[in-house]
Amino acid sequence: MTASIGISIFPSTDCGANDLIRQADTAMYWAKHQGRSQLCLYNHRMQEETRERLHLFNDLYQAIRDNGFTLVYQPQHNAEGEVTGAEALCRWVNNGQSVYPDVFIAAAEETNLILPLGDWVLTHACQTLRQWIRNKSLPPSFKRLAVNISPAQFMDPEFEAKLDKTMKSCDIDSSVLELELTESLFMGDKDLIREKMQRLSNKGYTFALDDFGTGYSSLSYLQKLPIDKLKIDRAFVMDINPDNRPASIVDAIIQLGQNLDMDIIAEGVETDQQQIYLKDHGCRNYQGYLFSRPLREDMFVSYIHKRPI
């Protein structure tokens with residue numbers, strides 16, 4: 001058992017009993033937000049930020065209800081420069097201002113809106129993929145569209161049925177969809193997760209482990225999972241230099257993926273030096289601004305038509 005404690009001090013806050021209780025409750029909210037077994041002392045900035053967060057939660061709910069999000073697609077390339085896939089990324093413009101994905105995704109997780117948001121992303125990504133396939137917009141080198149699946153979404157008892165229903169309604173094969181999972185998922189029931197992944201893998205879905213190297217997965221557990229691809233986190237890629245430690249981490253991830261017979265893709269590739277280093281050390285798949293920023297659906301199609309076939 002743990003306790004989260006919020007404190008408001010009288011008379012420094014110059015208010016009555018009801019206000020003191022409200023302020024202590026606000027401080028307790030902040031204590032919970034920071035994690036378990038925390039203690040927070042109330043200050044006026046807390047109230048302002050709490051009000052801002054409530055506005056964000058309300059706007060997020062309305063955006064989900066009113067179809068207020070968009071998807072963009074960042075191309076993935078092989079060492080020959082061909083487009084081999086794409087990652088679907090969710091974007092939100094709220095009251096004329098772009099909201100960072102880390103901000104609204106965290107808010108969605110906190111308010112249990114991550115399930116309807118995740119369902120929206122999955123459905124619209126599959127609808128886009130269906131359109132590309134029907135219009136023959138994709139080159140022969142294109143293999144899969146990657147969609148991020150949150151831990152809460154993956155652990156939803158209805159996720160598998162929803163996924164199958166979406167694929168059936170869009171009339172696309174499971175083999176063209178890649179489910180991106182984060183390492184934080186594996187803090188849950190490992191046996192249940194492995195069984196669920198195996199069922200989906202048996203149906204033809206593939207899995208990518210996103211931001212690999214920053215999370216919680218153990219190597220002994222990793223080799224028991226039907227993971228097809230490791231994504232090297234951009235934090236390691238950004239600092240690639242043959243003389244520093246991150247390059248050693250990148251080398252180790254590449255070697256691990258090869259030993260486990262997994263594909264490797266590096267995220268956040270922005271310079272020729274990074275791409276050359278990765279290629280020379282055995283990573284032959286890349287995603288990042290060196291090639292393209294995330295693109296709207298129509299711009300993505302235009303982009304891939306300009307690439308080598």
Could you tell me how many of the residues in segment 107-131 are in a helix (DSSP H, G or I), out of contact with any helix residue (DSSP H, G or I) (no Cβ under 7 Å at 6 or more places or on another chain) and either under 18 Å from Q62 (Cβ atoms) or not small (G, A, S) (or both)? 4
If you take the residues of segment 57-89 that are of a type in the set (F, W, Y) and in a helix (DSSP H, G or I), which of them is farthest from K143 (Cα to Cα)? F57
If we keep just the residues of segment 170-204 that are within 22 Å of G85 (Cβ to Cβ) and among the hydroxyl-bearing types (S, T, Y), which is surrounded by the fewest Cβ atoms within 10 Å (Cβ to Cβ)? S175
Give segment 2-14 a look and list any residue that's modelled with pLDDT of 70 or more and either surrounded by 10 or more Cβ atoms within 10 Å (Cβ to Cβ) or touching a helix residue (DSSP H, G or I) at 6+ places or on another chain (Cβ under 9 Å) (or both), or say none. A3, S4, I5, I7, S8, I9, F10
Restricting segment 143-155 to residues that are over 18 Å from H124 (Cβ atoms) and not hydrophobic (A, V, I, L, M, F, W, C), the residue that is modelled with the lowest pLDDT: P151
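For every residue, the table says whether it meets (1) part of a helix (DSSP H, G or I); (2) surrounded by fewer than 20 Cβ atoms within 10 Å (Cβ to Cβ); (3) touching a Phe, Trp or Tyr at 6+ places or on another chain (Cβ under 6 Å).
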| residue | (1), (2), (3) |
| --- | --- |
| I265 | no, no, no |
| E270 | no, yes, yes |
| Q273 | yes, yes, no |
| I276 | yes, yes, no |
| K279 | yes, yes, no |
| G282 | no, yes, no |
| F291 | no, yes, no |
| F300 | yes, no, yes |
| I304 | yes, no, no |
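The values are calculated or read from the model by the stated rules, or taken from the named source; none is laboratory data. Treat the numbers as computed from the prediction; the structure is a model and nothing was measured. Note that each Cβ is placed from the backbone with ideal geometry, even for glycine, and that neighbours are counted across all protein chains shown.
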